[in-house]
Each structure stands twice: as structure tokens, then as C-alpha cells.
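Beneath this line is the structure, given in C-alpha cells, with notes to follow.
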Amino acid sequence: MQYTQARFGGLVVFVPKKCWKIKRTKQQRKEQMRKRFILVIGCIVFCSLIWFLNLPAKPAVHATTTNNKYVYLPAIVKAPPPTPTPTPTPDPCEPISGVSYTAFTIEGSPTDRPATQHADINLALRGYEPTNAFRGLVDYGGGYDPNAPQLYGLFGDQRTPTFTQQYRVYDWDWGCNCRGNLLTTWSVTLSGMQTTPLEVIRVPDSGYNIGYGYDALVLYATRERITLKYTREDNVVHGYTVHIENICVEPSLLALYEQWNTAGRTSLPAVMGGQPIGRARGSEIRVAIRDNGTFMDPRSRKDWWRGR
């Protein structure tokens with residue numbers, strides 16, 4: 001059977017030629033055209049429904065966001081700051097570069113008791129108290145020893161320091177081997193002097209020579225204090241003695257002292273004027289000076305600060 005095309009708008013329908021050639025009345029043709037039109041419309045509706053039902057589902061959109069446009073960006077998260085590396089705390093007991101020390105044989109006998117228990121050698125046994133006295137150099141009358149230790153030599157720049165505090169040292173009762181009252185010979189027997197923390201502290205220079213250009217022996221040393229004696233005797237009976245508090249003694253000097261102290265004190269470390277012996281532990285060192293065992297006033301200009 002042969003077919004021919006019949007077009008209805010955009011729809012193409014194939015029909016048999018035999019049917020196409022059948023003569024119909026005008027009314028029949030109209031009725032047939034109407035039926036065909038309904039059929040075509042039904043097909044279009046049916047196909048459209050099938051197409052719509054096969055569309056992927058769309059998410060519901062709220063009315064309040066219908067006209068909004070979104071741009072999705074990668075999330076940017078600020079990293080936490082790195083944990084700072086702690087700054088090392090400066091150590092006042094760190095070694096001093098370039099120093100070395102030696103020991104000298106003492107003259108006479110070693111001290112009659114352990115140095116830590118001797119109130120003439122270990123100032124910590126006596127102790128001291130602050131006093132409200134003038135914080136500066138003072139002038140006394142009388143003579144002076146031109147060879148006496150000069151306390152400005154404690155500092156590398158040989159300055160006259162700021163006096164931060166004055167103190168009075170306690171007396172010692174040798175009968176009971178116990179602390180006595182505060183000394184009253186002088187209004188000040190220990191002076192606080194301003195320092196920079198970790199500042200190198202040196203041996204006060206003098207005109208005395210205990211051998212080979214050395215000025216003093218180390219009678220006592222710890223990580224907090226040192227006692228210097230400007231003779232080769234292991235006591236404070238004759239000559240000058242200097243106590244320095246709040247100083248960390250240079251480690252190799254401390255080790256040398258401990259070695260000879262343990263060995264019976266027949267020898268002790270020897271130091272030269274101006275030689276480094278330790279570092280200031282803070283903003284103040286405390287200094288006492290003795291003449292033949294007697295605590296003197298460290299502020300005396302004519303004795304310990306000549307020319308200042």
C-alpha cells in the first residue's frame with residue numbers, strides 16, 4: 001500500500017493514498033479534519049506530559065531568595081599564629097670569655113673552721129639591715145692609705161656608681177658563736193651600688209702585691225657572694241677584706257675555689273686588680289670593706305674613692 005504525507009501545521013501524518021483519494025462531502029471532510037486536529041493535539045499533550053514527567057527534580061526555592069544570585073568561594077581560614085619561641089632568660093652565672101685563674105699557697109694556717117660556718121669569711125652568717133643614710137660619697141678627716149683598694153675598680157668603666165641603698169652589718173658574738181647587734185662604729189657598713197644585670201664585676205685594684213702582680217686571695221665564693229683578702233693569709237685579721245654580695249662568681253673561679261677548699265685550703269685562688277670575677281645578679285651589688293677585721297664605711301671618699 002502506498003502512503004502520502006499530510007501536513008497539519010508542524011505535524012506530518014502519513015496516510016494511505018487510497019484513503020486520500022476517497023471523495024467525501026464537504027461536511028465529511030470538515031469532520032475528518034476536526035478529528036485529526038483533536039488527535040494531533042492529544043498526541044502533543046501526551047508527549048509533552050511524558051517529557052515533563054521525565055525532567056530531573058529541582059530543589060524548592062523559597063520566595064525570599066528567588067531573585068538572589070550566589071557565588072560560592074573557597075573557604076579561607078586564618079591559620080593560628082605560631083607559638084613564639086621563648087626568649088632564654090639571661091644567666092648571670094654564665095662563663096666570662098677569656099678569663100683564667102690560678103691558686104697561690106697561703107701564708108700561715110688555714111682557717112680554724114669550715115668557711116661556710118665562719119662569720120668573718122661568710123657574710124651571710126652575719127646578715128645586714130637597710131638604713132636610712134646618705135646615698136653618696138662622704139668626707140672624713142684623718143689620714144689614708146695610698147695603697148688601699150679603690151672600689152670604683154669593681155666596674156669596667158671605673159665609674160662612681162649610684163648608691164641605691166645603705167646597710168648596717170650585724171656584729172658577731174664569738175662567745176656564743178651567734179649574731180650580735182648591728183654594728184655602730186659607722187652609720188653605714190655595707191653599700192648597695194647600682195649595676196646592670198649581668199654586668200661583669202672586677203677585683204678592686206690596690207697598691208698591694210701578694211706575688212707575681214696579684215692583689216688578693218679568694219677566701220670564700222658561692223653563686224651569690226665572694227670574699228677577697230688583700231694578703232695571703234686565710235683570715236681577716238690583718239690587711240683589707242672586701243665582701244661582695246649579689247654576684248654570681250665566674251664558674252671556673254668558683255670551681256677552683258671549691259677544689260682547694262675541699263683539699264684543705266692550703267692554697268686558694270689568686271686574682272689581679274681589674275680581673276673579672278663574676279656578674280651582677282641584678283640591679284644592685286652590695287659591698288663591704290674591712291681594715292684589719294673592722295668593718296669600715298664604704299662611702300669614704302679619701303679611702304676607697306680617691307679623686308672622685
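Before moving on, here are some points about what is shown:
- Looking only at residues of the stretch 91-120 that are within 36 Å of the chain's Cα centre (by Cα) and surrounded by fewer than 10 Cβ atoms within 10 Å (Cβ to Cβ), we find that the one that is farthest from ASN209 (Cα to Cα) is SER97.
- Residue check, ALA75 at pLDDT below 70 and more than 57 Å from the chain's Cα centre (by Cα): no
- Checking TYR208, TYR240 one by one, the residue that is farther than 19 Å from THR102 by Cα and touching an Asp or Glu at 6+ places or on another chain (Cβ under 7 Å) is TYR240 and no other.
- Test: residue in the stretch 222-232 that is surrounded by fewer than 23 Cβ atoms within 10 Å (Cβ to Cβ) and without any contact (Cβ under 8 Å) to a residue 60 or more places away in the chain: yes
- When restricted to residues that are farther than 19 Å from VAL203 by Cα, buried (at least 18 other Cβ atoms within 10 Å of the Cβ) and within 35 Å of the chain's Cα centre (by Cα), the stretch 121-162 contains 2.
- With a requirement of 1 or more residues that are of a type in the set (D, E, K, R) and within 22 Å of ARG232 (Cβ to Cβ), the strands (runs of 3 or more DSSP E) lying completely within the stretch 98-214 that satisfy it span 200-202.
Residue-wise test of (1) farther than 20 Å from TYR152 by Cβ; (2) surrounded by fewer than 17 Cβ atoms within 10 Å (Cβ to Cβ); (3) assigned by TED's automatic domain parsing to the domain that holds GLN165.
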{"position": "ASP234", "(1), (2), (3)": "yes, no, yes"}
{"position": "HIS238", "(1), (2), (3)": "yes, yes, yes"}
{"position": "PRO276", "(1), (2), (3)": "no, no, yes"}
{"position": "MET296", "(1), (2), (3)": "no, no, yes"}
{"position": "ARG299", "(1), (2), (3)": "no, no, yes"}
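- Residues in the stretch 277-308 that are among the acidic types (Asp, Glu), assigned to a strand (DSSP E or B) and touching a helix residue (DSSP H, G or I) at 6+ places or on another chain (Cβ under 9 Å): ASP291 only.
- Per this entry, PRO88 is counted among residues that are in a loop (DSSP other than H, G, I, E, B), within 41 Å of the chain's Cα centre (by Cα), surrounded by fewer than 12 Cβ atoms within 10 Å (Cβ to Cβ) and not aliphatic (A, V, I, L, M).
- All positions within the stretch 240-266 that are touching a Pro at 6+ places or on another chain (Cβ under 9 Å), in a loop (DSSP other than H, G, I, E, B) and surrounded by fewer than 21 Cβ atoms within 10 Å (Cβ to Cβ): GLY264, ARG265, THR266
- From the options ALA221, ALA133, ALA124, ALA119, residue that is among the hydrophobic types (A, V, I, L, M, F, W, C), assigned by TED's automatic domain parsing to the domain that holds VAL249 and closer than 24 Å to GLY98 by Cβ: ALA221
The values are calculated or read from the model by the stated rules, or taken from the named source; none is laboratory data. Values in this document were obtained by computation on a predicted structure and should not be read as measured data. No Cβ is skipped: glycine too gets one built from the backbone with ideal geometry, and neighbour counts run over all protein chains shown.
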